[in-house]
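Notes follow once the structure below has been shown.
The values are calculated or read from the model by the stated rules, or taken from the named source; none is laboratory data. Model, not experiment: these values are computed from the prediction. Please note: Cβ atoms are built from the backbone with ideal geometry, for glycine as well, and neighbour counts cover all protein chains shown. The area values use the complete protein model at the heavy-atom level, side chains included, leaving out ligands, DNA and RNA. Shrake-Rupley method; radii C 1.70, N 1.55, O 1.52, S 1.80 Å.
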Amino acid sequence: MDSDEEIEDVQLWKGVPGTIILINAFGNSKYKIFPVAHVATCRLIRQYLRLSSSQNVSVCVYGTEDTATTTFDSKSVIEIFPLTTPTLEDFKKLKNFDISSYAEAKELKLSDVLWHCNKMFSNFKKQLSSRTIILLTELRSPPIAADHKPTFKKVMDLVDCNIDLKIINLSDEEYQIDEFYKNLLLEANKGQDYKLPLPMWDSKEIENLMLIQSHRHLAVAKMDFEIGNGLSIGVGIYSLLKKSGYTQRKKSNLERDTNAIVTKITKTMKHSVVQEEDDIEQGVPKEVPLLKSEVLHYQEYGGERVQFTDQEMKTIRNPFGPSMLKLLGFKPAGLMCKEKWYFKMSYFLFPNEGSLEGSTVAFKALHKACKDMSVVAICVLCTRVNSKPVIVALSPTSKPLGLDVDIGFDVIIIPFMESVRDVPNIVEDDEPVTVNEANKTVMGDILNTMRFDYKPYMFESPKEQSHYRALESLALEEDLDPFIDTTHPDPNIYKDIREDLFEEIFGPFGALAIKRSASANQSGGSKRTKVENGSGIDENLLQDRISSQKVNAYNVAQLKDILRFKNIKEMPALTGLKKAELVDLVYKYCS
């Protein structure tokens, strides 16, 4: 852990993902898939603009007549915009693209298209953490027979270069997929088992699938999972949910007059005394750049400054060593109550073949063993070089949040002993809390009425969506549809709940919750009827209501005043008591 060489040997995953979206225009006159793919791609690029994503994306069209509109003179590919971070101008180019101005190709050659994508990735100057090609096409029209073998060879070259090829099947009906595309998917998945893509026709579903495919490599951390001495597998840790209220947005400084983006550069300088040739004794101070190795940090202690070098400061900030995931042991799954798992936002663990080949096989074996034996794996996790280690439990799961993921582990963060606190006892005098059957019934009805199967896409943030639409209407100079707030409650689901029991548990609601109605014994101008004893309580009215069993006519505040005025020695504490309990105390002590 304390070895510098060990930290230097750790693999670093840098860069941002790169994605090329290929839209098939071959056979558009017959199958009409281009309009659906075009709308879905526009929605995807708009989503990138909303999130200010730094991901590099390119959109190309293939299957048209020979044109020379690309950087590498690929005549069968139309490059709408090259591999770059999408801008508003790129979105307008894509939105205004008209496929009718291009003639449809007489025959399809897919090998040239894949060669163009490989060339685009290899000539990209920025560092990419992952490279993905998303093919939007129907799977009924294969390339010409002479292009089959060159296409398979290009797919093998893409796999060797760690470029993922993903195919989205666009169709409004079920059909038999051509054998060529089955073999193509087999080569793209390195001969492993795969699922044939189901036909899709909804542009929103296609957008969501493209967003998942292009972000599937955005791992929080990629590391080696140390199972035992000399046995490790490659894994990736993913965050499936964003933190509440957290959205990264880029900020730019603009010049006041021209609104031009202002760039800033930070330079570290030092004063150095330069000796003059004529007068050696006299020096002239001069600013020179300060090297990074000369930067010193300090901490005041005992009135003195204790200095640290930059390397020593890194060691102080990271006393735990490199990022890691190490197995400590196993515990029965029954001891880990799932309702108590929420301590911090959980992660999702998935195998990573990029670091260690064969990790998927060992990962599946561990997943099957934990599931069959009903155990969870207890591990120590450190996601970043400068982050503190935490104790986690790996619970086997499948298809998290409805995603098409067969196997994986929920990474549940377990609190340390210092993070656990005792819940204070709010019941006074250790009296047991009793709940009658009517209240249990109404609470059960409320819970059953409001129960539904939650999916993340069912709700959108009203604050962010309204903000996005306001910006888009200004940037695109067009009127957009207003946002429909799906977080508003539906009052119809409460129509079958008994109002009297609901009010007894939670108090008045609706119009009564805004202003409590006045009691019958109150006059128009005064808050409470004054009587001779000065307590504000009408004794005659109180005895009449006790004899006629109508004490419920008093509100909670009046019932407490009655009990306090009687000054009963055996009276229990009134804080937290329900109205029914106060009524019983009045009958008991005031009769």
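Numerical summary
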{"read-out": "Built amide H within the under 5 Å cut-off of VAL57, gap 5+", "value": "THR19, THR84, THR85"}
{"read-out": "Karplus-derived 3J(HN,Hα), 6.51/-1.76/1.60, for each residue of the range 293-299, Hz, glycine and proline x", "value": "6, 8, 6, 10, 10, 8, 9"}
{"read-out": "Solvent-accessible ranking of THR309, THR85, THR315, largest area first, probe 1.4 Å", "value": "THR315, THR309, THR85"}
{"read-out": "Listed pairs LYS166/LYS251; LYS109/LYS166; LYS154/LYS190 exceeding 23 Å between Cα atoms", "value": "LYS166/LYS251"}
{"read-out": "Net charge dipole size for the range 366-418 [Lys, Arg +1 and Asp, Glu -1 on Cβ; Debye, nearest 20]", "value": "120 debye"}
{"read-out": "Accessible-area value, CYS379, 1.4 Å probe, nucleic acids and ligands omitted, Å²", "value": "0 Å²"}
{"read-out": "Nearby lysines by direct alpha-carbon distance to LYS566 (threshold 17 angstrom, same-chain neighbours under 8 apart not counted)", "value": "LYS530, LYS588"}
{"read-out": "Given LYS495/LYS579; LYS267/LYS314; LYS399/LYS495; LYS344/LYS371; LYS195/LYS455, the pairs whose alpha carbons are separated by over 26 Å", "value": "LYS399/LYS495"}
{"read-out": "Spatial separation of Cα centroids for the range 346-401 and the range 113-184, in angstrom", "value": "31 Å"}
{"read-out": "Exposure rank, largest accessible area first [MET417, MET210; 1.4 Å]", "value": "MET417, MET210"}
